1. I'm trying to understand the selection: among the residues of the stretch 119-137, which are more than 24 Å from ILE102 (Cα to Cα) and in contact (Cβ under 8 Å) with a residue 40 or more places away in the chain?
2. Does ILE217 count as crowded, with 17+ Cβ neighbours inside 10 Å and either in contact (Cβ under 8 Å) with a residue 40 or more places away in the chain or hydroxyl-bearing (Ser, Thr, Tyr) (or both)?
3. Could you please tell me which pairs satisfy a Cβ distance under 6 Å, a separation of 6+ or placement on different chains, a first residue in the stretch 138-157 that is among the polar types (S, T, N, Q), and a second residue that is not in a helix (DSSP H, G or I)?
4. Output the number of residues of the stretch 4-32 satisfying the condition of being in contact with a helix residue (DSSP H, G or I) (Cβ under 8 Å, 6 or more places away or on another chain) and within 18 Å of THR141 (Cα to Cα).
5. Answer yes or no as to whether LYS160 is within 16 Å of SER254 (Cα to Cα), more than 23 Å from the chain's Cα centre (by Cα) and touching a residue at least 40 places away in the same chain (Cβ under 8 Å).
6. Can VAL148 be described as out of contact with any Ser or Thr (no Cβ under 6 Å at 6 or more places or on another chain), surrounded by 14 or more Cβ atoms within 10 Å (Cβ to Cβ) and under 28 Å from PHE245 (Cβ atoms)?
7. Among the candidates ILE181, ILE225, ILE238, ILE188, which residue alone is more than 29 Å from GLY88 (Cβ to Cβ), among the β-branched types (Val, Ile, Thr) and without any contact (Cβ under 8 Å) to a residue 12 or more places away in the chain?
8. Is there any pair linking a residue in the stretch 38-63 that is in contact (Cβ under 8 Å) with a residue 40 or more places away in the chain to one that is part of a loop (DSSP other than H, G, I, E, B) and of a type in the set (Gly, Ala, Ser), with Cβ under 8 Å and at least six apart or on different chains, and which?
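Since every read-out is calculated from the coordinates, none of them should be taken as a lab result. Just so you know, these numbers come straight off a predicted model, no measurement behind them. Here the Cβ positions follow ideal geometry from the backbone for every residue, glycine too, while neighbour counts run over all protein chains shown.
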Amino acid sequence: MSSEEYVQHHLGHLQLSLHTMTLTTNNPGFWVIDLDALGLAIVLGLAFLILFRLVAIRVVEGTPGKLQNFVEIIVEFVDRLVKETFHGKSNLIAPLALTIFIWVFLMNMMDLIPVDLLPGLFGLMGIDYFRSVPTADPNITFGLSIPVFCIIMFYSFKVKGVLGFGKEIFFKPFGPYLLPINFIFKVIEELVKPLSLALRLFGNLFAGELIFILIAIMPWWIQFIPGGIWSIFHLLVIVLQAFIFMMLTIVYLSMAHEEH
């Protein structure tokens, strides 16, 4: 392959067309599923659930093992953040925040796998295209942000009521005399939430994936230095993006529970 063909190949998805029920790639149509991104997201989500469930049912008091210590540290960390940030009362927020943080982190971590490893393995099975980073696909990031947005709307109506949330939409921040402007501002404010959550995560991980692909174009004896430096830096990005997605979710849900 030429360098251009190599980059295009590694940015191509293994897709399923719902019209013809056949495998395809680089199909921009709406009725198309990115099987590689969706499949990896499901596998990593199940791995997270199974691992944490096994730790929960095998809890050891006194001298827990390293895995239990690791899980407890993460759970306590997220629980403390929720208690400090979320000002309402709900048993959903902490588990939701924990799930988002771990799931997004695991999907981001796929960016540290060598770019030719999974495509090469699937190529041996006759599958020519396979992308390894689910969160570099906007379908996945919007699939995370849109349910969060729906939960925000649900709690806004549940906590404030239809009348209370209606007043917030039409009368704030400028009062009843500027009702149309209040409404426009509120719509923009709410729609920006899922957009910012999804596009921030997608943009950072897509850029990280693309840089790894560009490094892989270099001669093998040059790749190690820029690849090692970028891997160390990108590890911080991976953790930070998972943390930001979780924290903004907590903040938005806290705002949905507050009157001011």
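1. PRO119, PHE122, ILE127, ASP128, TYR129
2. no
3. ASN139/ASP34
4. The total comes to 4.
5. Details: within 16 Å of SER254 (Cα to Cα): yes; more than 23 Å from the chain's Cα centre (by Cα): yes; touching a residue at least 40 places away in the same chain (Cβ under 8 Å): yes.
Answer is yes for this residue.
6. Numbers: out of contact with any Ser or Thr (no Cβ under 6 Å at 6 or more places or on another chain): no; surrounded by 14 or more Cβ atoms within 10 Å (Cβ to Cβ): yes; under 28 Å from PHE245 (Cβ atoms): yes.
So VAL148 does not fit the description; no.
7. Numbers: ILE181 fails: more than 29 Å from GLY88 (Cβ to Cβ); ILE238 fails: without any contact (Cβ under 8 Å) to a residue 12 or more places away in the chain; ILE188 fails: more than 29 Å from GLY88 (Cβ to Cβ).
Result: ILE225 is the single residue among ILE181, ILE225, ILE238, ILE188 that is more than 29 Å from GLY88 (Cβ to Cβ), among the β-branched types (Val, Ile, Thr) and without any contact (Cβ under 8 Å) to a residue 12 or more places away in the chain.
8. Listed pairs, sorted by first residue: LEU40/SER132.
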